[in-house]
Every structure is written in C-alpha cells, then in structure tokens.
C-alpha cells in the first residue's frame, strides 16, 4: 500500500507544481466567487441562475483537470522515460496504475473541496441558508464521477500513445454520456432494428455519469437525496472504476516497454 | 559460483505492428550466468541484444520464451528487483522533484523506513557530491549532476546487484572517473555489477568476466584474459568475434 501512496504522492506533487493547473484552479475559484458575489437585487430567479452557472463551471473545470491530468500520466512517464527507473524497482505495474489513479483522484478531490467551499459560502451568504448536507452530497457524487472518469482515461492512455488523443476522446465520451445518457433509452425506442437493440445494449452497458449531476438539488434547495441512493450510486461508481482499472492493468501488464 | 543472475534459452521476439511485416528476433537462446561478487561486462555492437537482455532482466519486456531470474526469482515478479539497483544510460528522472524528494520517493518504493532513508540519502548525496543541490529541482541540474542523481537512486537500497546501462556514456572524464571509482568500491564491498558498455578499455580494466553478444546470440563468455587470448587486446578480440572486416579505407 505504501508503494501506491508513494506513486500517488508524486502525481499530486507534479500537479501542484504545474502552473497551467494553478491558472485553471484560481480562475474557477475567482469566477465562482465573483459570480456569486454580484448582487442582482436579490432576485431569487437570478440567484438560482448564477448558482447553476457556478456549478456548471465547477463541473467543467474539475472534469478538465481530471481528464488532462489522468491522460498524461502513463504517456508522460513513457515519453520522459521516468517509467524505467521506476519499473526497475520492486513495484508492480498494477501498483503504478493504482497509484496514478489515487494521485489524480485525491488531487481533483482537493480541488473540488475548495471549489465547493467557495460556492457554499457565496450561495449561503445570498440565500441565508446553509444546506450543508446537499452540498456534501453534490460534492461527493461529483467526486465519485471523477473516479470513474479518471479510471476510464487511464485505461485510454494505455492504448492511445498521445495524451491529446486520449483527452479528446475522453471529453467526447464523457460529454456524450452526460448529455445523451439519460435519453438514450427513449431514443432507442424510436429507432428501427438493429439500431434499437444496439442503443439499448449501450444504455445498459455504459457508465451512467449523468446520475451524478445533482445540480437541481443544490440550485432549487430540494433537500438531501436519501442516503441509500447515494450509497448505491457510490457502489455503482466503485464498480465501474474497478472495471476500468482492471482492464487498464491488464493492458499495461502485457505492454512491452523498450528503453 | 553462487549464481545471482541467470538466463536460460532466453528468446525475445518483437512482433511488428506493420501489416505484412515479419517479427524481429532480438534475442535467441541466450544462456548467461553471473556469480555473486563479479563485475560482469556485457558487450556487443549496436543492435546486438544488450539492451533487450537488460529490458528482460528489469521486467520492461517479457521474454517470448526461456527464463530469466535474479537471485533465483523469476524476473516477472517485482520482488526479484528488491535487491538490485539500476542506472539507465540517460537521466530519466522526475524533473519537477528535488534530488532529496526523488530519493525519498524511491526509498518508499523499496519500503525503507523514514529514519533509515534519511540517513542513507544523506550518505548518498555526500557520495555523489550533491549535498549543496539536494533541495533544488532536478530540472535545474547540469547533465553531470543528473547522472550523479541517477547513481544515488541506483544505490538507495544498498543493492547486491547493480545493473548499469552504458554508465559512462556522455560523461566528461571526471564523471567517468567517478563512476569507475564507485564500481570499484562496490566490487570491494563484494557487490555484483552487471554493465553494458562500448568502452572496451574501461571493461578491460574493471571487469572480472565479459560476455559478447551479436545478432541476439551469445558469441563468447569468459574472463578478459580468456577472451583476449591470442589477440593484441580485448578490442581486437571483440572485433574478430563480431566478424568485423578490416575497412578498406586507409
């Protein structure tokens, strides 16, 4: 376990020493604070609209950080050849994959915590309510989603050599699932065979990332989601994360790495 | 001889990804044994299979057939690398880390306790004369300094077997001398050193035994005296063994 944490530690160190991520991080925090701080005559509709925009910004920024960071982990190690002195130590490829995943996930988790903290402070100061449980659930669900996304991107990075192609494909897939995932079954029923069966198959065998977007609960103060549902969604995310990491390990385990 | 590095009928074949391209055989039936306490030189022209052999021994490439073991453990198991140190030909380290952080990272990978790691790292930084730059990012180091960090990381676990891939290539005379000194020191401590090199004069000076590979096959193995027997020096013997014809140029 120490080896996994050691690899994760290097991922986190690299992330906070990279200036481009700092810029994105600070920009998101500033935009969240700035948008939330503007006083629109305390019009409730406008406040909700601003909250929605801020949440979307947090979602997009954390997805960008997660995808771009995860996509470059293995290819950058191979390109800079830092993978060789590392693999020459008593560490398995499975531990490297797990460490990379953990590092990315923890780093994005820290970012998410800061974003939500700013958001909660600003939103609560406008509405004079503090729905802490809703915020905690929204942040947790988003972090669960990021786990699935990071594992999926790591898997992609084993097979696509260039981080840019992995990032682009990941953005398309995640964006597609977020936008169409919920409607795919309805869409399938309107199609003729064999497209209908194919779409239904995809619907049941894809990770439903759209379930993790709790924006309405936060924006409309709909109260907390039942914990059993949160637990089920967490288990679902853990299963998909495990599947992606397992396949990534399987691909990486057999990979020839020549100096 | 207490054998700590062994390959048996080792064969590595790289499958081509190009359509209708045949696969390339990098190693064919390599049998090699290195005993404890030896300084073993692994020689061969470019493309002979030296790097592939090292890649197999270090677990970067799985063998197509045959076996390779370190300390009696199959190289495919990470634990086989617990007692080895590896110095790559070029400096492949995390440039955003400082030397101190890099060495602590590798110490953690080896499972070395924090207090012991601190002590060991201080000793190593002194050995490679990098104490003054220990807290600076590696990206700010000169090439020689980066190579010295490499040496330090290769020794972090006080290895019983050191694998060096052309350790003096690209170094200035001072750097070469330092590497030779360290190899000599390790030899005196009873450690095993397995290294590839094109510097035959250097190999002649420090190696107990050498092996010459060519086109993926082991062509000769023995002491420097045995290999050089009947020739002016090791270089002449090497050229004869790899079938080099005298150049028509003056």
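Every number in this text was worked out from the coordinates using simple rules, so none of it is lab data. Given the structure is predicted, the values throughout are model-derived calculations rather than measurements. As a convention, Cβ positions derive from the backbone with ideal geometry for all residues, glycine included, and neighbour counts pool all protein chains shown.
Inter-chain neighbour count for B:84-96: the average number of beta-carbon atoms from partner chains within 10 Å of each residue's beta-carbon is 5.
Between residue A:239 and residue A:168, the C-beta separation translates, for a Förster distance of 25 Å, into a calculated FRET efficiency of about 0.45. If both residues of a DSSP beta bridge must be in region B:126-250, then about 55% of such bridges are antiparallel.
Principal axis extents of the C-alpha atoms in region A:1-117 (largest first, rounded to whole Å): 63, 25, 17.
Here the sum of -39500 (n - 2.57) over DSSP H runs of 4 or more residues, divided by the residues of chain A, equals -27000 deg cm²/dmol at 222 nm, to the nearest 500. Here the contact order of region A:74-201, divided by its residue count and restricted to Cα pairs under 8 Å and six or more residues apart, works out to 26 percent. Show me, bin by bin at 10 Å from 0, the whole-percent P(r) of region A:114-199 based on Cα pairs. P(r) over region A:114-199, rounded to whole percents: 14, 26, 28, 22, 8, 1.
Using the Cα gyration tensor of region A:179-259, with a ≥ b ≥ c the square roots of its eigenvalues, what is the shape: rounded (a/c below 1.5), prolate (a/b larger than b/c) or oblate (neither)?
Details: a/c = 2.80, a/b = 1.26, b/c = 2.21.
Note, shape of region A:179-259 comes out oblate.
For chain B, adding -39500 (n - 2.57) for each run of n ≥ 4 DSSP H residues and dividing by the number of residues yields -9500 deg cm²/dmol at 222 nm. Under a Gaussian network description of chain B, with springs only between Cα atoms under 10 Å, the residue in B:35, B:230, B:201 that fluctuates furthest is B:230. In chain B, the longest principal axis of the Cα atoms and the axis of helix B:114-127 are about 70 degrees apart. The modelled label-to-label distance for the pair residue A:12/residue A:46, using points 7 Å beyond Cα in the direction of Cβ, is 4.1 nm. Compared with the alpha-carbon gap, the fully stretched path from residue B:15 to residue B:114 is longer by 31.3 nm at 0.36 nm per residue.
Can you pull the Kirkwood radius for region B:7-76, inverse mean 1/r over Cα pairs, to one decimal in Å? Every distinct Cα pair counted, the radius reaches 13.0 Å.
When chain B is treated as a Gaussian network with alpha carbon springs shorter than 10 Å, the biggest mean-square fluctuation among B:58, B:174, B:234 belongs to B:174.
At a threshold of 8 angstrom on Cα-Cα distance, excluding pairs fewer than six apart, so keeping six or more, what relative contact order does region B:60-183 reach in percent?
Values: 139 pairs, mean separation 44.3, N = 124.
That works out to 36 percent.
Please work out the FRET efficiency for the pair residue A:215 and residue A:23, using the Cβ-Cβ distance as r and a Förster radius of 25 Å; give the result to the nearest 0.05. Each step should come with its number before you reach the end.
Values: r = 25 Å, r/R0 = 1.01.
After rounding, the FRET efficiency stands at 0.50.
Annotation for residue A:195 and residue B:136: the two label points, set 7 Å from Cα along the Cα-Cβ direction, are 6.4 nm apart.
The long axis of helix B:143-154 is offset from the longest Cα principal axis of chain B by roughly 90 degrees.
For a test of the definition: using alpha carbon positions, the gyration tensor, and the 1.5 limit on a/c, classify region A:107-259 as rounded, prolate or oblate. Intermediate results must be reported in sequence, preceding the final value.
Details: a/c = 2.29, a/b = 1.36, b/c = 1.68.
Oblate, since a/c reaches 1.5 and b/c is not below a/b.
Reported to the nearest whole Å, the Cα centre-to-centre distance from region A:221-259 to region B:148-165 is 37.
Neighbouring Cβ atoms from other chains, within 10 Å of the Cβ of residues in A:86-99, number 6 on average. In chain A, the longest principal axis of the Cα atoms and the axis of helix A:93-127 are about 10 degrees apart. Comparing A:237, A:80, A:107 in a Gaussian network model of chain A, where Cα atoms under 10 Å apart are tied by springs, the biggest mean-square fluctuation is seen for A:80.
Each part gets one Cα centre, and for region A:49-66 versus region B:29-104 those centres are 46 Å apart. Shape index of chain A: Rg/Rh, with Rg the Cα radius of gyration and Rh the Kirkwood radius from the inverse mean 1/r over Cα pairs, equals 1.01.
Using only the Cα atoms, what convex hull volume per residue in Å³ does the protein assembly as shown have? Mind dumping the intermediate values first?
Values: hull volume 102.0 nm³, N = 509.
Given the Cα convex hull of the protein assembly as shown, per-residue volume reads 200 Å³.
For the segment B:150-161, counting C-beta atoms of other chains within 10 Å of every residue's C-beta and taking the mean gives 1. Its relative contact order, with pairs defined as Cα atoms under 8 Å and 6+ residues apart, puts chain A at 27 percent.
Along each principal axis, taking the top coordinate minus the bottom one, the Cα set of region B:98-250 gives 57, 33, 26 Å in descending order. When the square roots of the Cα gyration tensor eigenvalues are ordered a ≥ b ≥ c, the ratio a/c for region B:126-180 is 1.5 or more and a/b does not exceed b/c, which makes its shape oblate.
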